[in-house]
1. Taking amide H positions as placed in the peptide plane 1.01 Å from N, state which residues far from ALA119 in sequence (5 or more) or on other chains have amide H under 5 Å from it.
2. Consider the candidate values (1) 1.09; (2) 1.93; (3) 1.16; state which one is Cα Rg over 2.2 N^0.38 Å computed from the structure displayed.
3. Around SER242, which amide H atoms from residues at least 5 apart in sequence, or from another chain, sit under 5 Å from its own amide H, with H modelled in the peptide plane?
4. What are the trypsin sites (Lys or Arg not before Pro) within region 169-270 that DSSP puts in a loop, where the Cβ has at most 16 other Cβ atoms within 10 Å?
5. Angle between the Cα long axis of helix 164-173 and the longest principal axis of the chain, 0 to 90 degrees, nearest 10?
6. Tell me what the chain gives for mean residue ellipticity at 222 nm when only DSSP H runs of n ≥ 4 count, each as -39,500 (n - 2.57), the sum divided by the residue total, rounded to 500 deg cm²/dmol.
7. Would you kindly state how much longer the chain becomes between GLU275 and ARG181 on full extension, computed as 0.36 nm times their sequence separation minus their alpha carbon distance, in nm to one decimal?
8. Fully extended, how many nm does the chain gain between GLU293 and VAL41 (0.36 nm per residue separation, minus their Cα-Cα distance)?
Amino acid sequence: MTQWIEKITNATSLEELENLRIDTLGKKGILTLEFAKMKSVPNEEKKVFAENLNTQKELITATLESKKIVLEKIALNNKLENEKIDVTRFNNELTCGATHPVVETMDRIIRYFQNLNFAVEEGPLVEDDFHNFEALNLPKYHPARDMQDTFYNKDYTLLRTHTSPVQIRTMLKQDPNTPIRMIAPGTVFRRDFDITHTPMFHQIEALVVDVADKVSFANLKHVLVEFLQHMFGDVEVRFRPSFFPFTEPSAEVDISCVFCKGDGCRVCSQTGWLEVLGCGIVDENVFKAVGYENKSGYAFGLGVERFAMLIHNIGDLRSLFESDTRLLGQFK
């Protein structure tokens, strides 16, 4: 056994040590074969024979375990040495962060309207029924409220369903004789969740108010056509009659599909058009709710995520909120 002890002691790798274990203690190992000879040993010699084999087995086992501890420690040290990281070393692969596509789109829209002399107004996320619905010509039990079913609190306040309440608050706090030219960007909440809706999203709504007959649908149309062509390039713009409780007349605004250039594709449902926002002339009932008389105005609102999806060709709105760097890293 001396030569096997020497081989085990001189082993330089765990793989070599395992091979030596198999050669000595395996099913066909030397000691295993010696133990198989017990049946042919005379009875009077079996005790001495067995004691000798057990002594050799214990010696080889102890040597194997001792050597294994040494080799495992060496292997661990080598691995740590090879995989160590120098945290003080400059990494040329580090990259700068980027603005989230929703924030970037919102900033672009805000800058555009600021250049047109629109003020930026903000309001609370938790609203009361008057500012969120009633002042906007949505009285209690009005069926149009169902489209904006949202999150209510026990004190009858709610998470705002649009940024239109900011328009109401602006008119109430401002001198009625002062013209208004404002946008209201911010977060809104509704009970929706699918590939084009999330419970929390962002809107930008605009309001222009001046003396009676000074603001017309023609003014609104000109502003929106210029804005949409600024955001999406050379697109066609069309206005379709629609219904909003707080504007009359009202219209949905479409642009020619930015993906198929109006030829028809899956994104535009083969129509060649994409709906992007809603607009209209402010309803007289809204002016009455805030105590305005002899006024004219227009308003429009858009979903920022919708614009971000179209600008960046993002197929699922929910992916904008999953913080997946594989998606967000594309917008640096």
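The values are calculated or read from the model by the stated rules, or taken from the named source; none is laboratory data. Quantities reported herein were computed from a predicted structural model and do not represent experimental measurements. With ideal geometry, Cβ positions are generated from the backbone for all residues, glycine too; neighbour counts draw on all protein chains shown. Please note that ligands, DNA and RNA were not included when accessible areas were found on the heavy atoms of the full protein model with its side chains. Shrake-Rupley method; radii C 1.70, N 1.55, O 1.52, S 1.80 Å.
1. ARG181, MET182, ILE183
2. (2)
3. SER250, ALA251, GLU252
4. Listed in order of number, the matching sites are ARG191, LYS214, LYS261, ARG266.
5. Here the helix axis deviates by roughly 50 degrees.
6. Helices in the chain give a 222 nm mean residue ellipticity of -12500 deg cm²/dmol.
7. Length difference between fully extended and current span is 31.4 nm.
8. 78.6 nm
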